[in-house]
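Readers should treat all values here as calculations from the given coordinates under stated rules, not as data from a laboratory. Not measured: the values here are computed from a predicted model. So basically every Cβ, Gly included, is an ideal-geometry build from the backbone, and we count neighbours across all protein chains shown.
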Amino acid sequence: MIRQIFSQRNFNWVLKLGTLSLILGFIILFISADDITPEGFGGLSFEQIFFMAVFIAPFLEETTFRGQHSSNRTIKIVSLIAIILLTISQYSEWLNFTLGLALIIVILLSRTERLSRDKFLPSYIILNSVLFALVHLSEGEFGLNIDTFLVLIQLGAGLIFNWICLNFKLRNAIYIHMSWNFMLFTILFFALQFPFCNKVVKETEHGILSYEQVPFYDGKPSKFQINSSEVTLEGQGIDALFRYLELADKGKSTDDFLINAPFFRFNLNYTSKHDTIFYQDFFEALQKEELISLAKKSKGSLK
């Protein structure tokens, strides 16, 4: 039954290429998971990111990138305008700009009455999917730096969404895109809500660091307390440290650090062996425990 359904569809080479790209991307993800460095989320909460990723992004992205497959002329025009605006906004990313410009040219050529749309369709699908992947990379979607696995996963998704639009209409691609993002964020929610790590206690040269992950929703009030010799964090993310500790006054900016466990909440305590907190020792301990890391763009040190 399934084989019959797929055998009756058009452009199955797009589906096959997209599936292969997804498989390779996830294989690389599992192999290199320890080397993945997250980006910031611009201060947005998990709930805000969830709403945008599940409801807003699929509608906007599918209309922009796959709108040319629609039979509705208005949607096609909106799609073209959106791609033009996206290309202009990506002018600093020369590859994105070049691919976007090429995609615009292909769209315009395919609309010329003397030329056949089908003649340019394969080029449109490839350019569309590659640009779709690169735009996600530049935006750092799901909080990840530019990595090979993310290129392949987003490229595969772009190809598959093109195939869905060609065979099952634009609205179905939007629904499936929503379902895909919902599944990803549901997995993340369970990871946030049901921690599996035990309490960790580490002694440093100047203090003692202890921490444990706690459920994202546990009904307990969050707490942050800092004095001359102790930092206490209860039921909050590591980013709370950046909000309360004036890192700029310590010689560093919050932009110099990345949170390695975005949205995860912890009970954390750092007690100094002295009458004052050695902030360099404190943040070096957080780095060694891989709770934070220096941003790639930062060439400085904690000193």
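Numbers below:
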read-out	value
Proximal charge balance of S222 [Cβ under 14 Å; K/R count +1, D/E count -1]	+1
Using θ = phi - 60° and Karplus 6.51 cos²θ - 1.76 cosθ + 1.60, couplings along the stretch 159-164 (whole Hz; Gly, Pro as x)	5, 5, 5, 4, 4, 4
Sequence-distant residues sharing a close amide H with F266 (under 5 Å, placed H)	V214, G235, Q236, G237
Neighbourhood net charge (11 Å Cβ-Cβ; Lys/Arg +1, Asp/Glu -1) for E234	+1
Projected label distance in nm at Q193 and K119, using a 7 Å step from Cα toward the beta-carbon	5.5 nm
Highest to lowest packing among 280-291, 197-208, scored as the average C-beta count within 10 Å	280-291, 197-208
Built amide H within the under 5 Å cut-off of F257, gap 5+	A295
The stretch 176-226-the stretch 149-171 distance, computed between alpha-carbon centres (Å)	32 Å
